[in-house]
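In what follows, a structure is listed as structure tokens, so that the remarks can point back to it.
The values are calculated or read from the model by the stated rules, or taken from the named source; none is laboratory data. Note that the structure is a prediction, hence the values are computed from the model and not measured. Backbone-built Cβ (ideal geometry, glycine too); neighbour counts: all protein chains shown.
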Amino acid sequence: MNDPLTDLIAAEGLPADYIEVVQQFWQPLATRIARLPASRAPLVIGINGAQGTGKSTLCRFLEVLLARRQIRAVTLSLDDLYLTRAQRLQLAQDVHPLLRTRGVPGTHAVGLGLHIIEDMLAGRPLELPRFDKSRDDRAEEAERITGPVDVLLLEGWCVGAKPQDAAALAEPVNELERVEDPDGIWRGLVNHWLQEDYARLFEQLDLLVMLKVDDFDVVSRNRALQEEKLRRDNPDATATMDDAALARFCDHYERLTHHMLSEMPERADVVIEIGPDQRPISVQAPS
């Protein structure tokens, strides 16, 4: 009989010694989730991490590890809640041109995420949307999940993010903001949405896990690796990016990434340091 963990390691294209990462980091996290009070179930577990930190991989392992305890977990990526391409184009026309690019708060269907959580808490079947990055649009069909769900793993680069102080918005952080948002309208809107819709979504979290890298330079390198894999796996894709387009894309994420790296480690329930090889190196549980 095959071992699900060994099979998953192979399916993810990971080296055999990755089982050590599972045993040292992911198993204890699964144990912590399993030990949360039953009175709080079903649970919503937030997995925060910049691009390339391994959020999706972690969630796949948590699903297997929790299943060993007869706990059913399913994953919803914040990416899968992106507005459709047509909706973002309309936002860009009506509100601000930078909202055409997926990623920042304001480009997700937050209400859909709240509806999914409401369905889970009520024991109803779940319709999980899926986003196709190779087409930069939401997939036509959702994934239907029937039967009770014990844990929803909500993963995303800005899951659990808090808004910045208004004064911090005054100065641009990069060329994109200086040239395309000189009056701060776009970043002000992003901050406003974090205070409103996204705050309501993140209030649903029972536990917040942060996969933390050292700085934004690491994020840019990791995102480049993701794009390379996307091009390799989808040779006919219409929405992959060259180096210049990717650099501009990452500029949309820079402000909020710096903010989260600065303030989130002090309040996240679990902080897992991610090394330059994209593997975890240490765990902290802030007081």
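Is there a residue being surrounded by 14 or more Cβ atoms within 10 Å (Cβ to Cβ) and closer than 24 Å to TRP26 by Cβ anywhere in the stretch 84-100? No, every residue in the stretch 84-100 fails to be surrounded by 14 or more Cβ atoms within 10 Å (Cβ to Cβ) and closer than 24 Å to TRP26 by Cβ.
Which fully enclosed helices (runs of 4 or more DSSP H) of the stretch 1-62 have 1 or more residues being touching a Lys or Arg at 6+ places or on another chain (Cβ under 7 Å) and under 26 Å from ASP215 (Cβ atoms)? Break it down into steps so the answer makes sense when it comes.
Numbers: elements: 4-11, 18-21, 27-34.
Per the criteria, 18-21.
Candidates are the residues of the stretch 129-145 that are over 15 Å from LEU112 (Cβ atoms) and of a type in the set (Lys, Arg); the one that is modelled with the highest pLDDT is ARG135.
Of the residues making up the stretch 109-162, those that are in a loop (DSSP other than H, G, I, E, B), among the hydrophobic types (A, V, I, L, M, F, W, C) and touching a Lys or Arg at 6+ places or on another chain (Cβ under 6 Å) are ALA139, VAL149. Taken over the stretch 189-209, the criterion of being polar (S, T, N, Q), surrounded by 15 or more Cβ atoms within 10 Å (Cβ to Cβ) and over 14 Å from ILE117 (Cα atoms) is satisfied by ASN191 alone.
Checked across the stretch 3-24, the condition of being aromatic (Phe, Trp, Tyr) and in contact with a Leu (Cβ under 7 Å, 6 or more places away or on another chain) holds for no residue. The combined condition, being among the aliphatic types (A, V, I, L, M), at pLDDT 75 or above and either surrounded by fewer than 19 Cβ atoms within 10 Å (Cβ to Cβ) or in contact with a helix residue (DSSP H, G or I) (Cβ under 7 Å, 6 or more places away or on another chain) (or both), is not fulfilled by LEU230. Considered as a group, the residues in the stretch 163-205 that are of a type in the set (Asp, Glu) and outside any loop (DSSP other than H, G, I, E, B) include one that is nearest to ARG100 (Cα to Cα), and that residue is GLU180.
Scanning the stretch 239-256 for residues that are surrounded by 20 or more Cβ atoms within 10 Å (Cβ to Cβ) and either basic (Lys, Arg) or at pLDDT 95 or above (or both) gives ARG255, LEU256. Scanning the stretch 128-172 for residues that are without any contact (Cβ under 8 Å) to a residue 24 or more places away in the chain, among the hydrophobic types (A, V, I, L, M, F, W, C) and either crowded, with 19+ Cβ neighbours inside 10 Å or out of contact with any Phe, Trp or Tyr (no Cβ under 9 Å at 6 or more places or on another chain) (or both) turns up ALA142, ALA167, LEU169, ALA170. For the stretch 1-56, filtered to residues that are of a type in the set (Gly, Ala, Ser), at pLDDT 95 or above and crowded, with 20+ Cβ neighbours inside 10 Å, the residue that is nearest to THR257 (Cα to Cα) is GLY49. The conditions are (1) within 21 Å of GLY160 (Cα to Cα); (2) modelled with pLDDT of 95 or more; (3) among the polar types (S, T, N, Q), and GLN93 fails exactly one of them. Which is it? Of the numbered conditions (1) within 21 Å of GLY160 (Cα to Cα); (2) modelled with pLDDT of 95 or more; (3) among the polar types (S, T, N, Q), the odd one out for GLN93 is (1).
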